[in-house]
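Asks: What follows is a single structure, and I will ask about it in a moment.
The values are calculated or read from the model by the stated rules, or taken from the named source; none is laboratory data. From a predicted model like this one, the values you see are computed outputs, not experimental measurements. Cβ placement follows ideal geometry from the backbone for every residue including glycine, while neighbour counts extend to all protein chains displayed.
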Amino acid sequence: MSSVSVASRYLLSLSFGLTGGAVFYLLGLPLPWMLGAMLLTLICSVSGLPLASPKSARPAMSAIIGVVLGTYFQPELFAHVGEWLFSISALFVFIALAGGIGVSYFHFVGRMDWKTAYFAGMPGGLIEMVLAADANGADSRKVALVHSTRIFLTVMMLPPLVTWMEGAAGASSARPMIPVTGESVLLVVLLAAGGAIVGRLLHLPARNLMGPMLLGAVLNLTGVLHGFAPPTLLVWGAQVVIGTVIGCRFIGVDWRHVIGVVALTGGSIVMLLGLAFGFAILLQAVMGIAVVQGVLAYAPGGVAEMSLVAIALHADAAFVALHHVIRIAAVMAAAPLVFKLLRNRM
């Protein structure tokens, strides 16, 4: 395939993503630019249209989202860090329960072999679980499809579900439209690039997101970036690309296969969201935090995706992002070790 043809497919994919985002935006739906892009590109992907995933742009877009998240780490955050120790401790219990439920479900209900069920059921990052599955002889394509569907369904289901239950967590945290200026774009680029280097040097999980978030958080907490917020159109563009990449993960997948995987993964999502709601109610009773915030912190989505949902619903984005980073880091560290212990029994 020529480079011109590939470029045209990229542009076609992004145009569908932008169109889907615009439709969701006009309809007033939550997190429109990512959810709309996800849904329309998924439909186009399984319909056989000549799309190509702009996944090479995903790291840069994740870095922009990382910069955004870094601005939510306010100096008063230190007053609540001690309170978060309980929710972080409870998170490890949640991970163990979610992993056990997920692996058992995909093996006994989904009829997957133990190896594939293990990596499909672990509540870790998509890329990490796919690479681990491939290295250990599991069906990495099936694992990739399950985790793509998990992220897709979680991000699609949570905003309307949470809005229906409790509405937005409060308009006070909403941000006005931030105009695009040369200085603001340059600052975002510098923070994103510098943060990516930090993430690589520190070997952080989801480093392209975590590095810029860490750098932005440090500069914000020390007062260097006080009051800074990235341009709104830049953030929307990043959401469109991320949503398009997720939707394009279904390129080449047959409709019947998609329906089967969606139905199967949907069952696991219902159980995991039920577990997340249970833990959120516990956190509310012990810590006094809103159920919405607890659910978003424990829901089985990606770091960038769930953080964006938190921002859209005006929940504490710093709290949500921190918990998802810890979840993915814990699964990355523990899943391969547990797999080696269980391998002889699989």
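Asks: Look through 314, 257 and report the one residue that is surrounded by fewer than 16 Cβ atoms within 10 Å (Cβ to Cβ) and either in a loop (DSSP other than H, G, I, E, B) or not hydroxyl-bearing (Ser, Thr, Tyr) (or both).
Replies: Working: 314 fails: surrounded by fewer than 16 Cβ atoms within 10 Å (Cβ to Cβ).
Only one candidate qualifies: 257.
Asks: Which residue is farthest from residue 149 (Cα to Cα), if the candidates are limited to region 80-91 and must be modelled with pLDDT of 90 or more and in contact with a helix residue (DSSP H, G or I) (Cβ under 7 Å, 6 or more places away or on another chain)?
Replies: Selected residue: 86.
Asks: Condition test on residue 267, is it touching a residue at least 40 places away in the same chain (Cβ under 8 Å), in a helix (DSSP H, G or I), surrounded by fewer than 24 Cβ atoms within 10 Å (Cβ to Cβ) and of a type outside the set (D, E, K, R)?
Replies: Values: touching a residue at least 40 places away in the same chain (Cβ under 8 Å): yes; in a helix (DSSP H, G or I): yes; surrounded by fewer than 24 Cβ atoms within 10 Å (Cβ to Cβ): yes; of a type outside the set (D, E, K, R): yes.
Spelling it out, residue 267 is indeed touching a residue at least 40 places away in the same chain (Cβ under 8 Å), in a helix (DSSP H, G or I), surrounded by fewer than 24 Cβ atoms within 10 Å (Cβ to Cβ) and of a type outside the set (D, E, K, R).
Asks: A further question on this structure: State all residues of region 193-240 that are closer than 30 Å to residue 330 by Cα, touching a residue at least 24 places away in the same chain (Cβ under 8 Å) and polar (S, T, N, Q); if no residue qualifies, say none.
Replies: Listed by number, the residues that qualify are 208, 220, 239.
Asks: State which residue is nearest to the chain's Cα centre (by Cα) when the search covers only region 214-227 and only residues that are surrounded by 14 or more Cβ atoms within 10 Å (Cβ to Cβ) and of a type outside the set (Gly, Ala, Ser).
Replies: Of the residues in region 214-227, the ones surrounded by 14 or more Cβ atoms within 10 Å (Cβ to Cβ) are 214-221, 225.
Still in the list and also of a type outside the set (Gly, Ala, Ser): 214-215, 218-221, 225.
Details: 214: 17, 215: 20, 218: 22, 219: 24, 220: 23, 221: 24, 225: 25 Å.
Restricting to residues being surrounded by 14 or more Cβ atoms within 10 Å (Cβ to Cβ) and of a type outside the set (Gly, Ala, Ser), the top hit is 214.
Asks: Just wondering, is there one or more residues in region 56-66 that are in contact with a helix residue (DSSP H, G or I) (Cβ under 6 Å, 6 or more places away or on another chain), polar (S, T, N, Q) and over 30 Å from residue 190 (Cα atoms)? Walk me through it before giving the result.
Replies: The initial filter retains those residues of region 56-66 that are in contact with a helix residue (DSSP H, G or I) (Cβ under 6 Å, 6 or more places away or on another chain), namely 57-59, 61-66.
Cutting the leftovers down to polar (S, T, N, Q) gives us 62.
Cutting the leftovers down to over 30 Å from residue 190 (Cα atoms) gives us none.
Within region 56-66, none of the residues are in contact with a helix residue (DSSP H, G or I) (Cβ under 6 Å, 6 or more places away or on another chain), polar (S, T, N, Q) and over 30 Å from residue 190 (Cα atoms).
Asks: Right, another one. So in region 67-79, with the set limited to residues that are outside any loop (DSSP other than H, G, I, E, B) and at pLDDT below 90, which one is nearest to residue 229 (Cα to Cα)? Reasoning before the result, please.
Replies: Residues of region 67-79 that are outside any loop (DSSP other than H, G, I, E, B), as a first pass: 67-70, 75-79.
Subsequent filtering for residues that are at pLDDT below 90 retains 68-70, 75-79.
On the way: 68: 7, 69: 10, 70: 10, 75: 15, 76: 17, 77: 17, 78: 21, 79: 22 Å.
Ranking the qualifying residues of region 67-79, first place goes to 68.
Asks: Could I ask something else about it? Hey, among 211, 194, which residue is surrounded by 16 or more Cβ atoms within 10 Å (Cβ to Cβ), under 16 Å from the mean Cα position of the chain (by Cα), part of a helix (DSSP H, G or I) and at pLDDT 90 or above?
Replies: On inspection, the qualifying residue turns out to be 211.
Asks: Oh, and also: Name the single residue that is nearest to residue 243 (Cα to Cα) among those in region 281-311 being over 11 Å from the mean Cα position of the chain (by Cα) and assigned to a loop (DSSP other than H, G, I, E, B).
Replies: So, considering only residues that are over 11 Å from the mean Cα position of the chain (by Cα) and assigned to a loop (DSSP other than H, G, I, E, B), the one nearest to residue 243 (Cα to Cα) is 290.
Asks: Further question: Any residue in region 46-55 that is in a helix (DSSP H, G or I), touching a helix residue (DSSP H, G or I) at 6+ places or on another chain (Cβ under 8 Å) and not aliphatic (A, V, I, L, M)?
Replies: Going residue by residue through region 46-55, those that are in a helix (DSSP H, G or I) are 46, 55.
Restricting the remaining residues to those that are touching a helix residue (DSSP H, G or I) at 6+ places or on another chain (Cβ under 8 Å) gives 46, 55.
So of that shortlist, the ones also not aliphatic (A, V, I, L, M) come out as 55.
Taking every residue of region 46-55 in turn, at least one turns out to be in a helix (DSSP H, G or I), touching a helix residue (DSSP H, G or I) at 6+ places or on another chain (Cβ under 8 Å) and not aliphatic (A, V, I, L, M).
Asks: Please state which of the following conditions residue 109 fails to meet, knowing it meets all the rest: (1) under 22 Å from the mean Cα position of the chain (by Cα); (2) β-branched (Val, Ile, Thr); (3) farther than 18 Å from residue 245 by Cα.
Replies: All conditions pass for residue 109, except number (1).
Asks: Please work out which residue is modelled with the lowest pLDDT, limiting yourself to region 197-208 and to residues that are exposed (fewer than 15 other Cβ atoms within 10 Å of the Cβ) and closer than 19 Å to residue 58 by Cα.
Replies: The first filter runs over region 197-208 and keeps only residues exposed (fewer than 15 other Cβ atoms within 10 Å of the Cβ), leaving 197, 200-203.
Now restrict to residues that are closer than 19 Å to residue 58 by Cα: 197, 200, 203.
Numbers: 197: 95, 200: 91, 203: 85.
Only one residue tops the list, namely 203.
Asks: Kindly indicate which of 221, 191, 214, 201 is over 18 Å from residue 307 (Cβ atoms) and aliphatic (A, V, I, L, M). Break it down into steps so the answer makes sense when it comes.
Replies: Details: 221 fails: over 18 Å from residue 307 (Cβ atoms); 191 fails: over 18 Å from residue 307 (Cβ atoms); 214 fails: over 18 Å from residue 307 (Cβ atoms).
Going through 221, 191, 214, 201 in turn, just one is over 18 Å from residue 307 (Cβ atoms) and aliphatic (A, V, I, L, M): 201.
Asks: I'm trying to understand the selection: among the residues of region 270-290, which are in contact (Cβ under 8 Å) with a residue 60 or more places away in the chain, over 22 Å from residue 100 (Cβ atoms) and surrounded by 14 or more Cβ atoms within 10 Å (Cβ to Cβ)?
Replies: At the first step, the residues of region 270-290 found to be in contact (Cβ under 8 Å) with a residue 60 or more places away in the chain are 271-273, 275-276, 279, 282-283, 286-287, 289-290.
Retained after the next criterion (residues that are over 22 Å from residue 100 (Cβ atoms)): 286-287, 289-290.
Listed by number, the residues that qualify are 287, 289, 290.
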